[in-house]
1. Residue by residue through region 51-65, note down the ones that are out of contact with any Ser or Thr (no Cβ under 6 Å at 6 or more places or on another chain), under 16 Å from Val144 (Cβ atoms) and buried (at least 19 other Cβ atoms within 10 Å of the Cβ).
2. Would you check which residues across region 57-87 are without any contact (Cβ under 8 Å) to a residue 12 or more places away in the chain and under 15 Å from the mean Cα position of the chain (by Cα) and list them?
3. Would you point out the residue of region 129-153, among those that are closer than 30 Å to Ile17 by Cα and in contact with a Pro (Cβ under 7 Å, 6 or more places away or on another chain), that is least open to solvent (accessible area, probe 1.4 Å)?
4. Do we have any residue at all in region 35-49 that's part of a loop (DSSP other than H, G, I, E, B), over 30 Å from Gln169 (Cβ atoms) and either open to solvent by 10 Å² or more (accessible area, probe 1.4 Å) or aromatic (Phe, Trp, Tyr) (or both)?
5. Could you say whether any residue in region 172-185 is more than 25 Å from Arg39 (Cα to Cα), open to solvent by less than 90 Å² (accessible area, probe 1.4 Å) and assigned to a helix (DSSP H, G or I)?
6. So for region 75-94 (the condition being buried (at least 19 other Cβ atoms within 10 Å of the Cβ), touching a strand residue (DSSP E or B) at 6+ places or on another chain (Cβ under 6 Å), more than 25 Å from Glu158 (Cα to Cα) and among the aromatic types (Phe, Trp, Tyr)), does at least one residue qualify?
7. Determine which member of the set Ala71, Ala28 is surrounded by 14 or more Cβ atoms within 10 Å (Cβ to Cβ) and at pLDDT 95 or above.
8. Can we say Val60 is among the β-branched types (Val, Ile, Thr) and at pLDDT below 95?
Amino acid sequence: MSMRVVWCDQLLRLSPIDGRSLDGGGGAAEPPVRLVAGRNQFASFQLLVGPIAKRETVSVRPGALAGPRRACLGADAFDVFVEWPHLVAEKWWPDALVPQAVAGGGSTPAFRKQAGLPSTRFAGFWVDLFIPADAAPGGYAGSVTVRVGSQSLAVPVELDVLPARIGDQATLDLSFNNYADGISSGWPKVNADPNHLATEKYRRVERGAFRAAHEARGF
């Protein structure tokens with residue numbers, strides 16, 4: 001079977017079973033991966049690789065991106081995650097992101113078995129690329145290498161770094177919404193009491209949750 005690699009942005013979700021879009025509308029695109037970002041900012045994209053055999057390991061190895069006037073973004077500017085899907089309404093949705101090193105070096109047979117996937121046809125990856133605050137604006141180009149068993153393929157990556165620089169300090173408030181009562185569901189002994197909202201135990205749980213949000217500069 002010939003290997004195929006497609007990509008999409010961070011908003012689309014693709015099925016690991018058949019590679020199709022789970023959200024409707026447009027699907028994945030053929031390489032090159034094309035990104036636009038400011039400085040001091042992350043640019044993220046997804047890769048879907050397949051078809052893969054049951055015993056094959058799939059991995060993504062970033063390479064450096066060459067920019068204007070000998071500027072360079074090294075391979076260490078990338079972080080690679082393996083997508084862990086969950087079965088919801090008879091569809092497998094990519095959800096949790098497991099660092100590739102933690103997953104055993106890629107989408108391994110053991111990783112897919114632990115996730116409970118049926119006969120998977122595609123492996124999903126999330127890739128973060130951080131653009132330093134002092135990066136030279138302009139066009140960058142390079143590739144990431146995808147390996148499936150003994151096969152490998154260089155996937156071109158094109159990045160347009162804008163002159164704009166994202167500030168170090170957040171300018172948006174982060175709100176952890178708690179509609180009705182989303183806190184106590186994580187505390188079975190609290191939740192089992194029909195009058196738990198009036199108990200001191202619940203008040204302590206609620207105060208702890210709000211304190212944690214405030215410490216994380218949220219509310």
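The values are calculated or read from the model by the stated rules, or taken from the named source; none is laboratory data. Please read all numbers here as calculations on a predicted model, not as lab measurements. Note that we place each Cβ from the backbone using ideal geometry, even for glycine, and neighbour counts take in every protein chain shown. What goes into the accessible areas is simple: the full protein's heavy atoms, side chains included, and nothing from ligands, DNA or RNA. Shrake-Rupley method; radii C 1.70, N 1.55, O 1.52, S 1.80 Å.
1. First, pick out the residues of region 51-65 that are out of contact with any Ser or Thr (no Cβ under 6 Å at 6 or more places or on another chain): 51-56, 59-60, 62, 64-65.
Retained after the next criterion (residues that are under 16 Å from Val144 (Cβ atoms)): 59-60, 62, 64-65.
The answer is Ser59, Val60, Pro62, Leu65.
2. The answer is His86, and nothing else.
3. Val144
4. Taking region 35-49 first, the residues part of a loop (DSSP other than H, G, I, E, B) are 40.
In the following step, the residues that additionally are over 30 Å from Gln169 (Cβ atoms) were identified as none.
Among the residues of region 35-49, not one is part of a loop (DSSP other than H, G, I, E, B), over 30 Å from Gln169 (Cβ atoms) and either open to solvent by 10 Å² or more (accessible area, probe 1.4 Å) or aromatic (Phe, Trp, Tyr) (or both), which makes the answer no.
5. yes
6. So far as region 75-94 goes, yes, one or more of its residues are buried (at least 19 other Cβ atoms within 10 Å of the Cβ), touching a strand residue (DSSP E or B) at 6+ places or on another chain (Cβ under 6 Å), more than 25 Å from Glu158 (Cα to Cα) and among the aromatic types (Phe, Trp, Tyr).
7. Unique residue meeting the criteria: Ala71.
8. Working: among the β-branched types (Val, Ile, Thr): yes; at pLDDT below 95: no.
The answer is no for Val60.
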